[in-house]
Structures are given as C-alpha cells and as structure tokens.
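The block underneath contains the structure these notes are about, expressed in structure tokens.
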Amino acid sequence: MQLSFEKYGIYDFIKKWGVCLFFGGLLLLGLLIFRDYGMYYDDISEHAHGLQVYNYVFHGNPELLSNEERYHGSLVEFTSVVLEKLFHLRDSRDIYLFRHGLVFLWFYAGVIFFYLLCKRFFGGKANALSACLFLILSPRIFGHAFFNTKDIPAMAACIASIFTFLLYFENKNSPRLFWHAFACAVSVAIRLAGIFVVFLTLVFLAIDFFNEKDHSVKRGLGEAIFLYPCSFVAIVLLLWPVLLSDPLYEMVRAFKQVSHTPQCCECFYLGRYLDLPAPPWHYIPVWIAVSTPLAYLIYFFIGMAAMVRDLPVKAVAWRVKRSYLVILLWFFMPIVTVIALRCVIYNSWRHLYFAYPALVLIAAFGAGKVARYLYVKNRLGFFALIIVTVFSLVSTALFMVRNHPLEYIYFNRLAGRNMVEAKARFEMDYWALSYREGIEYLLTIDKSPKIKVFFADNDESLFLLPTNLRSRFDVVDFQDAQYYLTDFGGHMLSYPYGELPQYPKNKIYSVKVDGAEVMAVYRL
C-alpha cells in the first residue's frame with residue numbers, strides 16, 4: 001500500500017528526521033496560538049458540568065444525579081477540572097485558556113495516534129505523515145482543536161480505538177485486547193457514539209471465531225469475546241462516574257437522550273431556517289461536502305472506489321480486507337446510523353467529527369493510488385498531480401493563516417463562488433468566537449471606566465479578559481447599552497431578526513472571513 005514517491009531522495013531524510021520535526025513543529029505551533037481563540041457558547045456550561053462531576057466524585061454531592069446533562073460524556077470535563085484544581089487555577093481567564101490548551105493536547109494526541117494508525121495501514125512513514133498533514137490542514141478540524149471540548153477529544157479517542165483495533169487483530173494477545181478495551185472505554189466516556197467500535201470489535205471477533213479451524217486458537221478467541229466486553233464495561237464505569245449509581249438504568253437513559261434529545265436551536269441550512277426535531281437526510285452529506293477541501297473529497301471517492309473494488313478479490317488477504325472494511329465502516333456507519341434513526345444533529349456536522357479521520361485516511365489512500373498509477377503510466381501526469389496537490393494544500397493553509405483564529409469558518413467552492421455566497425446558504429460563526437475581537441476592539445476605542453454593552457447571544461468571551469479589563473464591561477439590556485455586538489445569527493441578513501434599520505450607519509467595526517461579515521459592533 002506504499003506510495004511510489006517514497007522512492008525519492010527526500011524519503012531518507014523524512015525517515016530519519018521527518019517525524020520528530022513534524023510533531024515538534026505541530027506542538028510548538030499549538031502552544032504559540034492556543035490563546036488566540038474566543039469562548040464558544042457552551043464553554044461555561046461544560047465547565048460547570050465538570051465541576052458537578054468533580055463534586056460528586058470527591059465530595060459526594062448528589063446534584064449531578066438530577067442534571068439532565070449527566071448523560072453527556074464527562075471524562076474530558078472532569079479531568080480538566082481535576083487538573084484545574086491541582087494547579088490552583090481560580091481566575092476565569094486562566095481556567096478557560098487552560099481548557100483550550102488541553103483541547104489542543106487532545107488533538108495533538110489524536111494526530112499521533114493517527115500517524116501510528118496510518119503507518120500500519122500504509123506501511124511507511126512518509127505516507128503516514130502525508131495523511132496527518134491532510135488532517136491538520138482541514139480548517140474546521142484544526143480551528144476546533146483549540147476550543148471544542150466535546151468533538152475534538154471524541155475524535156482523538158476514536159482514532160486511538162481504531163488504532164488499537166488494528167493492533168490487536170494483527171497479533172491477538174491479552175495486553176493488546178486490554179488496551180483496545182481501554183481506548184474504546186475512553187471514547188465512549190467522552191461521546192457515547194464511540195460504542196460503534198465496540199460493536200465492530202465483537203463482529204470481527206465472531207467472524208474470526210467461526211472461521212478458525214485451530215481449536216486452541218478458537219478457544220482463545222472465545223475467551224476474548226467474553227473478556228473484551230467485560231473489560232470495556234468495567235473501565236467505562238470507572239471513567240463515567242454517573243453510571244455507578246445504577247449502571248443499567250443510567251446507560252439506557254443515556255442512549256435514549258443521545259438519540260432523541262429535542263432540537264435545541266434553529267439551523268440555517270441551504271438558505272433557510274430548519275426548525276425540526278431532526279434535519280433532513282441530506283444535511284450531513286451536504287455539510288461534509290461543503291466544509292471539506294475539494295482535493296480531499298476527490299481523493300476520497302477514488303480511495304473508496306479502490307477499497308470497494310478490492311474487497312471481493314480473492315488474492316487480497318483477509319488482513320487487508322479487514323482494514324479496508326473497518327476504515328470504510330468508521331466513516332459510513334455513524335453517518336448512516338444518524339440518518340436512519342433521525343438523530344438530532346445541529347451546528348453543521350460537528351457531532352460526527354470523530355468519523356472525519358476515516359475520510360482523510362481514505363483520501364490519502366486514493367491519492368496514493370493515483371500517484372502510483374501515474375508514476376508508472378505517465379510521469380508528466382505524476383508530477384502534475386504532485387503540483388496540484390501541493391497547490392491545494394498551500395491554498396488551504398493560506399486560508400487558515402489569513403483568517404486565524406476563525407479558520408474553522410471554512411467553505412469550499414461547492415458552498416458558493418465566494419464566502420459571501422456561502423453565508424447566504426449556511427451558518428457561519430455559530431460558535432460566536434468572533435465576539436472576542438469585538439470586545440478587544442471596544443477596549444481600544446473606549447477608555448471610560450464602564451462600557452455598557454448588549455450581546456446578541458454570547459458574552460462568554462468576556463471571561464477571557466484579565467480581571468481589571470473584565471470589570472470595565474457592564475452587560476445590560478438593549479435600551480441601556482452603548483454598544484451592540486452581533487454575529488448575525490449565522491445567516492445572510494445584516495441583522496439577526498431584520499429589525500432596527502438604523503443600525504448600518506452606526507456600525508463601527510466588523511470581522512470578516514474572506515469578505516463575509518461574521519460579526520459587527522454598533523454604537524447605539
């Protein structure tokens with residue numbers, strides 16, 4: 001499965017130093033920029049949930065058991081609060097910047113596991129690093145890697161569970177089975193959707209069990225079928241404290257809530273608002289199509305076709321077929337399940353980001369297939385492919401640099417000819433991180449002791465200010481405010497509800513992403 005361009009001279013350098021330079025550079029970049037991001041609208045409530053779990057575990061406070069949010073995986077929030085207490089962080093700025101740094105470390109760990117996974121899948125370091133580069137140069141994923149305490153850790157844990165899956169099935173032994181159960185338990189304790197890897201593990205164990213002719217090996221597989229779920233359940237109970245009160249009841253309630261929670265907000269999609277219990281079936285495929293770099297999508301379809309073509313070929317070993325099946329199911333199984341069960345999904349497809357690395361891996365596989373074919377058949381075409389791919393990666397990287405720290409507001413040409421057209425069809429800054437820039441702007445132009453402001457929907461970024469600056473802001477009702485900050489409700493109108501037409505002449509500041517206005521400040 002190796003790419004042919006690994007034969008070039010740079011391969012020796014990459015083999016010796018590339019991995020260290022790559023991951024050292026990524027870590028340095030993350031540590032330099034993690035303070036740049038604002039706070040998203042759930043930051044405070046997620047931290048409060050972590051505090052509830054902490055108080056339940058260490059102080060026996062039963063408040064958690066009456067909170068409907070208890071069914072959201074609490075591992076990330078709980079561990080962040082434990083570390084916050086350990087480092088004696090008390091000021092909100094220190095706490096939330098620390099949380100953002102931890103999210104990046106989750107992402108960083110996920111990229112390391114993705115490298116290890118791709119190295120086993122492709123059989124080479126250069127190919128694995130190329131796939132990791134695809135993952136990092138995914139603007140929405142990279143941007144979320146500095147604030148999204150829900151979806152990015154879930155993605156990282158899912159990568160680890162798939163890696164340990166392949167590791168175990170390469171060489172079935174008890175230690176590898178335990179680490180796979182542990183990785184799956186971590187994934188489920190963050191987001192319940194990670195249970196699909198447990199299902200895949202049991203299915204492939206059963207397949208190997210029924211196909212095995214050696215009785216001693218078959219007995220070992222039978223033991224694994226029993227020990228794996230037992231280990232998984234035991235570890236989940238340790239990592240998800242709320243389940244301990246009544247494991248079976250709480251787990252059933254958790255599944256029900258995840259799949260049938262009422263829609264919490266409207267979704268702006270294809271130029272109109274959706275106010276439905278669940279969005280239409282095409283919501284997820286369309287969002288994936290418009291928010292993923294086009295080159296990745298093209299390579300994905302090529303890679304998917306190549307994998308599907310090889311599945312019925314007898315000459316292809318079962319080990320390779322199993323890898324193909326797991327990667328394909330990693331991407332398609334969660335998406336098909338959500339569509340079939342009409343599960344609640346909103347704010348683009350962030351709930352399914354844990355499936356995105358599979359798309360990237362399949363895309364890297366497709367790129368390798370095309371590169372190998374052209375290298376043999378058409379050298380000029382091979383070099384043209386390299387140039388086009390590099391151009392795509394560079395243009396994506398430039399978008400991310402140009403629009404930092406709002407690079408997560410990314411759309412490709414399928415969403416519109418430009419970002420202004422994309423804004424007319426899709427939600428933009430529904431996370432409302434851009435308010436931080438408006439707040440910092442007000443501090444530069446208004447030196448009065450008190451700045452009276454009204455926010456359209458999110459004032460959390462105030463908590464990232466130092467105490468002396470935070471105290472200067474007075475969040476008041478609209479009629480008492482000096483300034484009005486809005487993210488336009490994520491849609492095409494200049495004002496979220498179309499009222500107060502006098503606003504345009506009072507606009508004093510705006511934030512744009514490639515020409516599309518995503519936040520504005522008005523003097524009232």
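The values are calculated or read from the model by the stated rules, or taken from the named source; none is laboratory data. Note that the structure is predicted; figures quoted are calculated from it, not measured. When we count neighbours, we look across all protein chains shown, and the Cβ atoms used for this are built from the backbone with ideal geometry, even at glycine.
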query: Does any residue in the range 278-297 that is buried (at least 19 other Cβ atoms within 10 Å of the Cβ) come within less than 6 Å, Cβ to Cβ, of a residue that is among the small types (Gly, Ala, Ser) and in a helix (DSSP H, G or I) six or more places away or on a different chain, and which pairs are these?
result: Val290/Ala415; Ala295/Ser392; Tyr296/Ala363
- line: Within the range 298-328, restricting to residues that are crowded, with 19+ Cβ neighbours inside 10 Å, farther than 28 Å from Ala397 by Cα and not small (Gly, Ala, Ser), the one that is farthest from the chain's Cα centre (by Cα) is Met307
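To keep it simple, each residue is scored yes or no on (1) in a helix (DSSP H, G or I); (2) among the hydrophobic types (A, V, I, L, M, F, W, C); (3) at pLDDT 95 or above.
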{"position": "Gly194", "(1), (2), (3)": "yes, no, no"}
{"position": "Leu202", "(1), (2), (3)": "yes, yes, yes"}
{"position": "Val217", "(1), (2), (3)": "yes, yes, no"}
{"position": "Leu221", "(1), (2), (3)": "yes, yes, no"}
- prompt: Taking the range 395-443, which residues are touching a Phe, Trp or Tyr at 6+ places or on another chain (Cβ under 7 Å) and assigned to a helix (DSSP H, G or I)?
  reply: Phe399, Met400, Ala415, Met419, Ala422, Tyr435, Gly438, Tyr441, Leu442
query: Leu166 passes all but one of (1) surrounded by fewer than 20 Cβ atoms within 10 Å (Cβ to Cβ); (2) within 14 Å of the chain's Cα centre (by Cα); which number fails?
result: (2)
query: Which residue, of Gly60, Gly101, Gly50, is modelled with pLDDT of 95 or more and among the small types (Gly, Ala, Ser)?
result: Gly101
statement: Within the range 365-389, the residues that are surrounded by fewer than 17 Cβ atoms within 10 Å (Cβ to Cβ) and part of a helix (DSSP H, G or I) are Arg372, Tyr373, Val376, Lys377, Arg379, Leu380, Gly381, Phe383, Ala384, Ile386, Ile387, Val388
- request: State which residue is farthest from Gly194 (Cα to Cα) when the search covers only the range 225-248 and only residues that are in contact with a helix residue (DSSP H, G or I) (Cβ under 9 Å, 6 or more places away or on another chain) and among the aromatic types (Phe, Trp, Tyr).
  value: Tyr228
Selected residue (only one of Val233, Val258, Val252 is surrounded by 15 or more Cβ atoms within 10 Å (Cβ to Cβ) and modelled with pLDDT under 85): Val258
task: Please work out if Ser392 is within 25 Å of the chain's Cα centre (by Cα), part of a helix (DSSP H, G or I) and buried (at least 17 other Cβ atoms within 10 Å of the Cβ).
output: yes
message: Scan the range 343-354 and tell me whether some residue there is assigned by TED's automatic domain parsing to the domain that holds Ser392, surrounded by fewer than 20 Cβ atoms within 10 Å (Cβ to Cβ) and not in a loop (DSSP other than H, G, I, E, B).
response: no
Complete set of residues in the range 454-479 that are of a type in the set (S, T, N, Q) and part of a helix (DSSP H, G or I): Ser461, Thr467, Asn468, Gln479
- request: Test each condition in (1) modelled with pLDDT of 90 or more; (2) closer than 16 Å to Ser130 by Cβ; (3) in contact with a Gly (Cβ under 6 Å, 6 or more places away or on another chain) for Phe34 and report the one that comes out false.
  value: (2)
task: Take Arg90 and decide whether it is more than 20 Å from Leu21 (Cβ to Cβ), modelled with pLDDT under 95 and surrounded by fewer than 17 Cβ atoms within 10 Å (Cβ to Cβ).
output: yes
- prompt: in the same structural domain as Ser395 (by TED's automatic domain parsing), of a type in the set (Phe, Trp, Tyr), crowded, with 23+ Cβ neighbours inside 10 Å and more than 19 Å from the chain's Cα centre (by Cα): does that describe Phe121?
  reply: yes
query: Just checking, how many residues over the range 59-106 are among the aromatic types (Phe, Trp, Tyr) and over 27 Å from Ile136 (Cα atoms)?
result: 2
- request: Working only within the range 417-428, note down all residues that are closer than 21 Å to Leu137 by Cβ and surrounded by fewer than 24 Cβ atoms within 10 Å (Cβ to Cβ).
  value: Asn418, Met419
- prompt: In the range 436-487, which residue that is under 28 Å from Phe268 (Cβ atoms) and among the charged types (D, E, K, R) is surrounded by the most Cβ atoms within 10 Å (Cβ to Cβ)?
  reply: Asp487
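Yes/no per residue for (1) touching a strand residue (DSSP E or B) at 6+ places or on another chain (Cβ under 7 Å); (2) within 30 Å of Tyr346 (Cα to Cα); (3) at pLDDT below 90; (4) in the same structural domain as Pro139 (by TED's automatic domain parsing):
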residue	(1), (2), (3), (4)
Met419	yes, yes, no, no
Asn468	no, no, no, no
Thr486	yes, yes, yes, no
Leu493	no, yes, yes, no
Tyr503	yes, yes, yes, no
- request: Consider Leu116 carefully, then state whether it is surrounded by fewer than 19 Cβ atoms within 10 Å (Cβ to Cβ) and in a helix (DSSP H, G or I).
  value: yes
